[in-house]
Every structure is written in C-alpha cells, then in structure tokens.
1. Considering only the stretch 12-22, I want to know if a residue exists there that is in contact with a helix residue (DSSP H, G or I) (Cβ under 7 Å, 6 or more places away or on another chain) and surrounded by fewer than 20 Cβ atoms within 10 Å (Cβ to Cβ).
2. From 299, 317, grab the single residue that is modelled with pLDDT of 95 or more, loosely packed, with under 15 Cβ neighbours inside 10 Å and under 30 Å from residue 57 (Cα atoms).
3. What residue, among those in the stretch 173-232 that are surrounded by fewer than 17 Cβ atoms within 10 Å (Cβ to Cβ) and among the aliphatic types (A, V, I, L, M), is nearest to residue 304 (Cα to Cα)?
4. Among the residues of the stretch 2-26, write down those that are in contact with a Gly (Cβ under 6 Å, 6 or more places away or on another chain) and within 26 Å of residue 156 (Cα to Cα).
5. Applying the selection to the stretch 248-276, what residues are at pLDDT below 85 and surrounded by 18 or more Cβ atoms within 10 Å (Cβ to Cβ)?
6. Within the stretch 155-164, is there a residue that is more than 27 Å from residue 205 (Cα to Cα) and at pLDDT 95 or above?
7. Among the residues of the stretch 113-143, how many are hydrophobic (A, V, I, L, M, F, W, C) and in a helix (DSSP H, G or I)?
8. Quick check on the stretch 299-323: of everything there that is over 19 Å from residue 223 (Cβ atoms), part of a helix (DSSP H, G or I) and of a type outside the set (A, V, I, L, M), which residue is farthest from the chain's Cα centre (by Cα)?
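The values are calculated or read from the model by the stated rules, or taken from the named source; none is laboratory data. These numbers were taken from a predicted model, which means no experiment stands behind them. Reconstructed Cβ throughout: ideal geometry from the backbone, glycine too, with neighbour counts over all protein chains shown.
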Amino acid sequence: MTRYNNMEYRRLGKSGLQVSALSFGSWVTFGKQISEADAEKLMHLAYDAGVNFFDNAEVYARGQSEIIMGNVIQKAGWERDSYLVSSKVFWGGDKPNQKGLSRKHVVEACHAALKRLQVEYLDLFFCHRPDVNTPIEETVRAMSDLITQGKVLYWGTSEWSAQEIQAAHTVARQYNLVPPTMEQPQYNMFHRERVEVEYSRLYTDVGLGTTIWSPLASGLLTGKYNSGVAPKGSRAEIDGMGWLREKLVGDEAKEKVEKVNILSEIAHEVGLSLPQLALGWVLKNPHVSTALTGASRPEQVKENMQTIAALPKITEEVMQAIEEVLANKPQMIVF
C-alpha cells in the first residue's frame, strides 16, 4: 500500500499494478443521467483527487458510456501511464453472437471497446458475468490471447462464483495461459457474503484482487432514500431501473432504512458523512483493492474523495458499533 498526495494506492491482488483505493465508474450516469460536459467535470475532479482507475462496460448506455469516457480522456490529454481504463464483456447486443463469452464475442467486444474509448489497450478487461453456454477454456484462451497481443494488460471476472474463478485458474495452469487477476463483486454493508466468506480462500490461493461495485448500495447508504420516496433525478427514477427502485424505496428496503438512520448517527458522532462512513467501511477490508464510486454531481465526487483522509476516524470501536447495527456478519464455515 502506498500514498501519493491525498490518495491511497493498493496492489490489485498479487499483481504489481497499483490502483487508487477509490476509483470512478460510469454505470447509470454516463449517457443516461448526465451530459458529456458534466461527465468531463466529474472525471477531472476524480483524477485531480488521485483516482487512477476509470471503469466502464460495453453494456453501459449501449456503448455510449465508453464513447463519452473516451472523448473526455482524449480531450484531457492525460499521460497514458497515469490512468487505468477498463471495459467489461457479456451484454453487447441482442443477436446470438453479440453476447456471452465466446471467443468471437470476447475478441470483437475488446476491439469495439478500444475504438469507443480511443485507447490502444485496455488496462483491465472483465467477463461481466459467467457464461454457462461457453466452455471456460474457450474464454480463458481468448482473454489470454488478447493479453499476448497487447490489447489487454489484465483480465478478470465480475460476479463469478469462487468455484468458477478457481476453474479458470485451473484451466490457465493446465494450458499455460494467463489466469484472471481480479474479480468485480458487489460489496457493501448490506451485501457481504461473497467477498467475506465465499472468496476467502481465493485471496491466498490465487492472489485475487477485488474492484468493488455498489459500495453505497446504489445510494441507499447515502441516506437519500430514507423518506421512502426516490428523489428527483436519482437513479431509481431512470427508465428501466424499476428493479432497483424496489430495492431502494420498496418494502424490501424498509428494514435497511431503519439501520441507515442509526448509521447516520454514528457517522455524525465521528465527524463523517454517511457516504464516507460506508465507503470507509468497505476500504477497511484488506481484501478490497479499490471501491468504485459513481456520481452525477461535483459535490458527490468531492465528498467521496475525502473518505481517504477520514479513514483514521473509523476505528475498531466504530467498526464494532457498525456491526451491532448491521447484525449481518456472515459466518465462516470450518470443515
């Protein structure tokens, strides 16, 4: 772990790659919630705060998100070795070979992402979900070949089970291919089992790194949904996000909102905002390489980035107080 200016950098698993503890993602916002001009402001704020990892995917706004991010990067003129950019492959379109993890789609998705992002290589390339219809050897070979060709530097998975990740490593060892370096799972105060229990052996067995998505539980841990109504302009109001709206303001969220109100009090007592407490809680896990943040307004980026300086306020006593409120710590099963 290293520090530069006000940002903390962590190794991505056992690799030598240094990634900022807080990173910036474009899911929902780019191409949907905000304009390209606003996206430019947010990315510059994150970059100036020390963020070096910008996350994207082919499915975000059907490619428009990557186009916007690529335009911003090109206009900014940042040195290529000062930032990391990613894409994810799985949902490229509706036709048979436009989705999944076949060699054809993996390779074509990579080429398309390079074009949209206007870069010569992807630092990180994720298999967005597992594909039961494609042999894992085919996917591992495709990713390994892209790395050999210099089009991708590191590849990983997103929302794969521990068994699936282990299978990919087994195939890579068997055929002398490049194994996945990282996994991108959801992880936050309300979603813990996979990162804390299921992957526990992978951190040591294969040196798995994690790039966490939804550390704020899609905004639930900001307190903005405590009234039981989705605020105007929030992601819960976006067309096509009805499934998320139910998680944030429906019956499913009521018990969580009660806990969020108590967590807000804990945050206030230690001089933090609720988002800073929630992000800090995620970063306290030593197996977290980076937590992906999203934003639609500049003040959100600024608030999130202040979490790094505030980490010392989240002491063991504070962590224990949080656990008492959550009451959801997953139990390790010992055989």
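1. In the first step, residues of the stretch 12-22 are kept if they are in contact with a helix residue (DSSP H, G or I) (Cβ under 7 Å, 6 or more places away or on another chain); the result is 21-22.
Narrowing the set further to residues that are surrounded by fewer than 20 Cβ atoms within 10 Å (Cβ to Cβ) leaves none.
Taking every residue of the stretch 12-22 in turn, none turns out to be in contact with a helix residue (DSSP H, G or I) (Cβ under 7 Å, 6 or more places away or on another chain) and surrounded by fewer than 20 Cβ atoms within 10 Å (Cβ to Cβ).
2. Values: 317 fails: under 30 Å from residue 57 (Cα atoms).
Result: 299 is the single residue among 299, 317 that is modelled with pLDDT of 95 or more, loosely packed, with under 15 Cβ neighbours inside 10 Å and under 30 Å from residue 57 (Cα atoms).
3. 229
4. Matches in the stretch 2-26: 7, 12, 13, 14, 20, 25.
5. 248, 249, 253
6. Quick first cut of the stretch 155-164, residues more than 27 Å from residue 205 (Cα to Cα) only: none.
No, the stretch 155-164 has no match at all.
7. Here is the first cut: in the stretch 113-143, the residues hydrophobic (A, V, I, L, M, F, W, C) are 113-114, 117, 119, 122, 124-127, 132, 136, 140, 142-143.
If we keep only those that are in a helix (DSSP H, G or I) too, we end up with 113-114, 117, 136, 140, 142-143.
Within the stretch 113-143, residues that are hydrophobic (A, V, I, L, M, F, W, C) and in a helix (DSSP H, G or I) number 7.
8. Taking the stretch 299-323 as the starting set, the residues that turn out to be over 19 Å from residue 223 (Cβ atoms) are 308-309, 311-312, 315-317, 319-320, 323.
In the following step, the residues that additionally are part of a helix (DSSP H, G or I) were identified as 308-309, 311-312, 316-317, 319-320, 323.
Now restrict to residues that are of a type outside the set (A, V, I, L, M): 312, 316-317, 320, 323.
Working: 312: 23, 316: 25, 317: 27, 320: 25, 323: 23 Å.
Filtering first and then ranking leaves 317.
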